[in-house]
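Structure, as structure tokens:
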Amino acid sequence: TQLLEQSPQFLSIQEGENLTVYCNSSSVFSSLQWYRQEPGEGPVLLVTVVTGGEVKKLKRLTFQFGDARKDSSLHITAAQPGDTGLYLCAGLYNQGGKLIFGQGTELSVKP
Amino acid sequence: GAVVSQHPSRVICKSGTSVKIECRSLDFQATTMFWYRQFPKQSLMLMATSNEGSKATYEQGVEKDKFLINHASLTLSTLTVTSAHPEDSSFYICSARGAPGQLSYGYTFGSGTRLTVV
């Protein structure tokens, strides 16, 4: 069974603070994706990382993929209330092309 | 971009009845569709994977006779919750993927179905 450990599961911070969410596994991914989900809606893709050591930036969001392709992180700089939501990492395993999700991080940014 | 339509968005049914949820790829052919279940404040749990024209592959612990999946065409997959019980109440989400090499090869998610069994 493939497991994807995501932490922290809950995070409540003040506007302007920085934060990092981690995603770890003992298995190697062919790629890893980060999603954001609003209540009552499906997840929306933020980024896909494929190469070990890869770093991608999306405005105030920075995504890293570990060299061994077993872990990833999402860093948000100067968080804003609009960043509030559920952030999910998801690993793609070669077998069957299944996308397996981490537990999710519920982020709340207070003004 | 690729769009997946999921219907209905909300459904309330009586215990013991069956409910069908549809997932359609609107502008691409989905060779593979995935069905997920999500409890409040929790992540998505993969239930099954279906390829067009073949039987679905269910994840461990998912009852195939209870959650019937049909992927009869390249644009439509359905999930039928049979003999629903209150513990089946959840948020069900589908995801569709096109053929390798296509722009739609990424995973596109539907907007989900909130099922409440009373």
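Read-outs: derived from the displayed coordinates by stated rules, not from any lab. Computed from a predicted structure; not experimentally measured. Methodologically, a virtual Cβ is constructed for each residue, glycine included, from the backbone with ideal geometry; neighbour enumeration extends over all protein chains shown.
Per-structure values
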read-out	value
Average beta carbon contacts from partner chains per residue of B:40-49, 10 Å cutoff	5
Within 10 Å of each Cβ in A:37-48, the average number of Cβ atoms from other chains	5
Percent RCO, i.e. relative contact order, over the range B:45-102, from Cα pairs under 8 Å lying at least 6 residues apart	23
Cysteines without a disulfide-compatible partner [the protein assembly as shown; Cβ-Cβ under 4.7 Å]	B:Cys13
Coil-residue trypsin sites (Lys or Arg not before Pro) of the range B:1-58, DSSP, other Cβ within 10 Å capped at 16	B:Lys14, B:Lys41, B:Lys55
Distance in nm between pseudo-label sites at B:Glu63 and B:Gln42 (7 Å out along the Cβ direction from Cα)	1.6
Share, in percent, of DSSP beta bridges within chain B that are antiparallel, nearest 5	90
Inter-chain shielding of A:98-109 (mean C-beta neighbours from other protein chains, 10 Å cut-off)	3
Contact order normalised by residue count of the range A:5-110, Cα under 8 Å, 6+ apart, percent	37
Overall dimensions of the protein assembly as shown as given by Cα atoms, namely Rg and Dmax in Å	17.7, 51
Among beta bridges that DSSP assigns inside the protein assembly as shown, antiparallel share in %, nearest 5	90
Reach of B:Lys41 by Cα under 15 Å, taken over aspartates and glutamates that are not fewer than 8 positions away in the same chain	A:Glu38, A:Glu41, A:Glu106
